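Since the structure comes first, as structure tokens, the remarks are kept for the end.
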Amino acid sequence: MSFPAALSLFVLPPLNGLVAAVAGFAWRRRRAGRITLAGGLAVLWATSLPVVADTFLASLERGIAGPNVASDMASPAAPGAIIVLGGDGATFFRGGVRQLDVGALSLARLRGAAVLARQTGLPVLITGGSVMPASGPIAIAMADSLQTDFAVKTRWVETASRDTWENAALSAPMLRHDGITTAYLVTHPWHMRRALMAFRAASFKVGGFKVIAAPLSLDGKADPADPQAWLPHMAAWQKSYFAAHEWIGCFWYALRRG
């Protein structure tokens, strides 16, 4: 893990609340310390509630609609490819050798891409470099899974990118080189906002490259009327982490884009 990535963990839930609570406890004899302790505990509690985490995550998904495949394919500037953004990875040992496999996020994106590929007949580009220490590019593992698990071949594999910004910067020229100027973009709905920002920035460098959002299905949201939505749950911390990570990323991309 890079130093910036490791540092970011301390400003994202749940570690940000834990760090604040520990720091506040250490200085609890002072008023500022007690306030910090209370604030840290409040963050830990709030981000563990499904109703809070789901609302936070849903804020990223507003305005992100799925594609109208029939209309898109009938357009004079119809999409010519499908881009799948690399996600997480998992490792396993085979014959004493550590190997990289796709994680749950990556597998969900591959499934969405496979469905879209069968609907449209379009070729697929997978983009993603190394996501784990001492591991190969996730794009290669995803391409293998797409072929093995979904019987869909990958035409382009981009393996050097380290984040979403580089996913766009490196994959757009590859497609443009082959005459493709419009493509579907497959990723999670909560990740789509930041991904579109990256591709819009990359489009200027390749003379214009249009991306049509093709997000996966929205996650089920907690019902505020359900008492369990107000009880702490470990999965809520993960959703809160994703939401905070994406909003910080969107802010950073807006600055980077200028």
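The values are calculated or read from the model by the stated rules, or taken from the named source; none is laboratory data. The shown structure was predicted, so the numbers you read here are calculated from the model rather than taken from an experiment. All Cβ positions, glycine included, derive from the backbone under ideal geometry; neighbour counts span all protein chains shown. Note: areas computed on protein heavy atoms with side chains; ligands, DNA, RNA excluded. Shrake-Rupley method; radii C 1.70, N 1.55, O 1.52, S 1.80 Å.
Summary of values
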| quantity | calculated |
| --- | --- |
| Test for Val22: is it open to solvent by 70 Å² or more (accessible area, probe 1.4 Å) and either modelled with pLDDT of 95 or more or of a type in the set (A, V, I, L, M) (or both) | yes |
| Residue list for the stretch 220-247, filter: open to solvent by 60 Å² or more (accessible area, probe 1.4 Å), under 16 Å from Met192 (Cβ atoms) and either over 13 Å from the mean Cα position of the chain (by Cα) or among the charged types (D, E, K, R) (or both) | none |
| Residue list for the stretch 207-230, filter: out of contact with any Gly (no Cβ under 8 Å at 6 or more places or on another chain), touching a residue at least 60 places away in the same chain (Cβ under 8 Å) and either aromatic (Phe, Trp, Tyr) or farther than 21 Å from Ala53 by Cβ (or both) | Lys210, Val211, Ile212, Trp230 |
| Verdict on Val152 being in contact (Cβ under 8 Å) with a residue 12 or more places away in the chain and part of a loop (DSSP other than H, G, I, E, B) | yes |
| Qualifying position, being in contact (Cβ under 8 Å) with a residue 12 or more places away in the chain, of a type outside the set (D, E, K, R), out of contact with any Pro (no Cβ under 8 Å at 6 or more places or on another chain) and assigned to a helix (DSSP H, G or I), among Phe251, Phe199, Phe204 | Phe199 |
| Residue match in the stretch 151-173 (condition: open to solvent by 10 Å² or more (accessible area, probe 1.4 Å), among the β-branched types (Val, Ile, Thr), closer than 13 Å to Leu110 by Cα and at pLDDT 95 or above) | yes |
| Subset of the stretch 81-91 [surrounded by fewer than 19 Cβ atoms within 10 Å (Cβ to Cβ) and out of contact with any strand residue (DSSP E or B) (no Cβ under 6 Å at 6 or more places or on another chain)] | Asp88 |
| Count of the stretch 38-59 residues which are open to solvent by less than 40 Å² (accessible area, probe 1.4 Å), of a type in the set (A, V, I, L, M) and over 16 Å from Glu246 (Cβ atoms) | 4 |
| Conditions (1) out of contact with any strand residue (DSSP E or B) (no Cβ under 8 Å at 6 or more places or on another chain); (2) over 21 Å from Ile248 (Cβ atoms); (3) open to solvent by 60 Å² or more (accessible area, probe 1.4 Å); number of the one not met by Ala65 | (1) |
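Quick grid of which residues meet (1) open to solvent by less than 60 Å² (accessible area, probe 1.4 Å); (2) in contact (Cβ under 8 Å) with a residue 60 or more places away in the chain; (3) out of contact with any strand residue (DSSP E or B) (no Cβ under 7 Å at 6 or more places or on another chain); (4) aliphatic (A, V, I, L, M):
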{"residue": "Arg94", "(1), (2), (3), (4)": "no, no, yes, no"}
{"residue": "Arg98", "(1), (2), (3), (4)": "no, no, no, no"}
{"residue": "Leu107", "(1), (2), (3), (4)": "no, no, yes, yes"}
{"residue": "Ala113", "(1), (2), (3), (4)": "yes, yes, no, yes"}
{"residue": "Thr120", "(1), (2), (3), (4)": "yes, yes, yes, no"}
{"residue": "Pro133", "(1), (2), (3), (4)": "no, yes, yes, no"}
{"residue": "Asp144", "(1), (2), (3), (4)": "no, no, yes, no"}
